[in-house]
Amino acid sequence: MILTSLFALSLSGVASSDVVIGNGLSKNLLAAGLFILIGCCVDFGKYLFWSERHRSHYYGAMALVLTGFSLLASCAFFLSAEFVAINNSQLESTEYRVLQERADAIRQEINHHERLLEKRLNSEFHRQWVEGEKNAERIRELKGSLVRLMELSSNAGKNTALNEVPITRFFAVLGRIFGVSIETVRNFGYGLLALLLEVITLGAISLANSMRREALCADKESDDSTSSESTIDDSEQRRRVVNLSNDIIQGRIQPVIRKIKAAQYELDIDEIRQVLMNLYLAGLIDKDARNSYKLPSAE
């Protein structure tokens, strides 16, 4: 996403000096913001489509298309960044600065002859007009020299710049080793780097989704296990209550809390009282003295 945005920023032609003009934002900066927003939307859409590719093959295809666009944008940014570094190094080279100094000197001389020409053409003396023709001829010669210097300046210091930029020097060494052009090595290297970045990104998305699904499955299994244990506990509790109720009805134990606790039915006192109350309400036992119970007497 960052590389796509940076490439979009370079397309807009924005520079640090263009950030603020007066009290407002420049048009270049607004265009850069728009390009960055587009790049972010492209990458965000790629992540979403890739995350949901299992729902439809259409999502997977869209993710791959956006990935291809992002890959090309990354390669373009790498290339443009290297060319900017080469251009800056060329502008700082001795050869280029010498040509620029010569060009500045020629411009100054042209300005000098143009001023002389203007004065002599305004003169009333014929001799000054003749001298003015010499100035005009000299101006034409100087302008021709300036054009040739400008043509030479496009390549001046370029070889020096290629040797000074580390990544370009690295590509040149690889090209000599493998016997291929530096352009081939550069395109292959940047393409491979951009591809690795995209593969790592998609792999990270897949890994995050896989970990999320595993976490959801683990939570579900934990809930199922808890529910199963709760069901087992409830079933065991009901069995103890039924056993106690049957023993009281059949007379194997008296409906007295103290004796039931001593018999170790593994029920707490509230559960025992509830069993006795249910049997009493059902008419299976009778009330006894001091809020206790007894088996019904035979008539």
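Just to be sure I understand, how many residues within the range 236-255 are over 11 Å from VAL275 (Cα atoms) and assigned to a loop (DSSP other than H, G, I, E, B)?
Within the range 236-255, residues that are over 11 Å from VAL275 (Cα atoms) and assigned to a loop (DSSP other than H, G, I, E, B) number 5.
State which residue pairs qualify: first residue farther than 15 Å from GLU198 by Cα and of a type outside the set (Asp, Glu) and inside the range 38-53, second residue part of a helix (DSSP H, G or I) and at pLDDT 80 or above in any location, beta carbons under 8 Å apart, and separation of 6 or more residues or different chains.
Sorted first by the residue in the range 38-53, then by its partner, the pairs are ARG53/TYR59; ARG53/GLY60; ARG53/ALA63.
Would the range 131-140 turn up any residue that is exposed (fewer than 15 other Cβ atoms within 10 Å of the Cβ), of a type outside the set (Gly, Ala, Ser) and modelled with pLDDT of 85 or more?
Yes, there is a match, as at least one residue in the range 131-140 is exposed (fewer than 15 other Cβ atoms within 10 Å of the Cβ), of a type outside the set (Gly, Ala, Ser) and modelled with pLDDT of 85 or more.
Taking the condition at pLDDT 75 or above and either farther than 26 Å from SER235 by Cβ or touching a Gly at 6+ places or on another chain (Cβ under 9 Å) (or both), does ARG258 pass?
It is true that ARG258 is at pLDDT 75 or above and either farther than 26 Å from SER235 by Cβ or touching a Gly at 6+ places or on another chain (Cβ under 9 Å) (or both).
Against the conditions (1) surrounded by 14 or more Cβ atoms within 10 Å (Cβ to Cβ); (2) over 30 Å from ALA194 (Cα atoms), where does GLU118 fall short? Just the number, please.
For GLU118, the exception is condition (1).
If you take the residues in the range 187-241 that are exposed (fewer than 14 other Cβ atoms within 10 Å of the Cβ), small (Gly, Ala, Ser) and under 34 Å from the mean Cα position of the chain (by Cα), which one is modelled with the lowest pLDDT?
Per the criteria, the residue is SER222.
The values are calculated or read from the model by the stated rules, or taken from the named source; none is laboratory data. All values derive from a computational prediction rather than experimental measurement. Quick reminder, even Gly has a Cβ in these numbers, built from the backbone with ideal geometry, and neighbours come from all protein chains shown.
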